[in-house]
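Structure first, commentary second.
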Amino acid sequence: MKKWIIAPIIAVILSFMFNPAKALQVDTVKDKQAIHQLIKDYEDAWNRHDPDGLANCYHTDATWVNWFGAYSKDKADIKAHYQTVHSTYFKTSTYYTRAIEDLTFVKPDVAIVYVRTGLSGDTRYPGETFEFRRLIVVTKRDGQWRILAGQNAKLEKGIK
């Protein structure tokens, strides 16, 4: 081989040796799109008041903590929670995603996502709209991104 071919190859190998994280990176464009779609699917299911659609956004072994601190463990428990709230005080609510504030891959099949959301129509608080920051851990299993764990925090007025 000629020197002009060997030098770039050695440079690439050395870059991976001195930056091993870069060597493990994968193209995340499709995964980011799938996670964005998951968040959109959740919003759509909420606004249809569809407990099955909401539960389908979670893995079977998922956990969830709502804004009041209630803890749901596993997809069936999460679905039961959504069935209760969407047949009562969230029956006519509207949920929206303001922004995905941060999406960080900690492994190719695990990401931490901060999502800014809002909610109106909670019959316990007539006329009020609430803002939230959701932390979700999403994982990819069998080619599907779903929520493994999450917690919702209600933002006080003035919190950005």
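Using the Cα gyration tensor of segment 42-160, with a ≥ b ≥ c the square roots of its eigenvalues, what is the shape: rounded (a/c below 1.5), prolate (a/b larger than b/c) or oblate (neither)?
The shape class here is oblate.
Based on the Cβ-Cβ distance of Thr92 and Val29, what FRET efficiency does E = 1/(1 + (r/R0)^6) give at R0 = 30 Å, to the nearest 0.05?
For R0 = 30 Å, the calculated efficiency reads 0.20.
Arranged by the count of other C-beta atoms within 10 angstrom, fewest first, what order do Leu103, Leu155, Leu54 take?
Placing the least packed residue first, the sequence is Leu155, Leu103, Leu54.
Under a crude label model (7 Å from the Cα following the beta-carbon direction), how far is Phe68 from Lys40 in nanometres?
3.3
Got a sec to turn the phi values of segment 149-155 into Karplus ³J(HN,Hα) couplings, 6.51 cos²θ - 1.76 cosθ + 1.60 with θ = phi - 60°, whole Hz, x for Gly and Pro?
Calculated HN-Hα couplings, in order: 7, x, 8, 10, 10, 6, 8 Hz.
Round to the nearest 0.05 the FRET efficiency obtained for Glu128 and Gln83 when R0 = 22 Å and r is the Cβ-Cβ distance.
With a Förster radius of 22 Å, E is 0.40.
In what order do Tyr95, Tyr42, Tyr71 fall by count of nearby beta-carbon atoms within 10 Å, going from fewest to most?
If I rank by nearby Cβ atoms, fewest first, I get Tyr71, Tyr95, Tyr42.
Assuming a ≥ b ≥ c are the square roots of the Cα gyration tensor eigenvalues, decide whether segment 75-123 counts as rounded (a/c under 1.5), prolate (otherwise, with a/b larger than b/c) or oblate.
oblate
Using the Cα centre of segment 26-154 as the reference point, and only Cβ charges (+1 on K/R, -1 on D/E), how large is the resulting charge dipole? Debye, rounded to the nearest 20.
Using only the charged Cβ atoms, the result is roughly 120 debye.
Ordered by residue, what ³J(HN,Hα) values in Hz, to whole numbers, does segment 36-52 give under the Karplus form 6.51 cos²θ - 1.76 cosθ + 1.60, where θ = phi - 60° and Gly and Pro are x?
4, 5, 4, 5, 5, 4, 4, 4, 4, 5, 4, 6, 8, 6, 10, x, 5
Values in this text are rule-based calculations from the coordinates and carry no lab data. Note that the structure is a prediction, hence the values are computed from the model and not measured. All Cβ positions, even for glycine, are placed from backbone atoms using ideal geometry, and neighbour counts span all protein chains on display.
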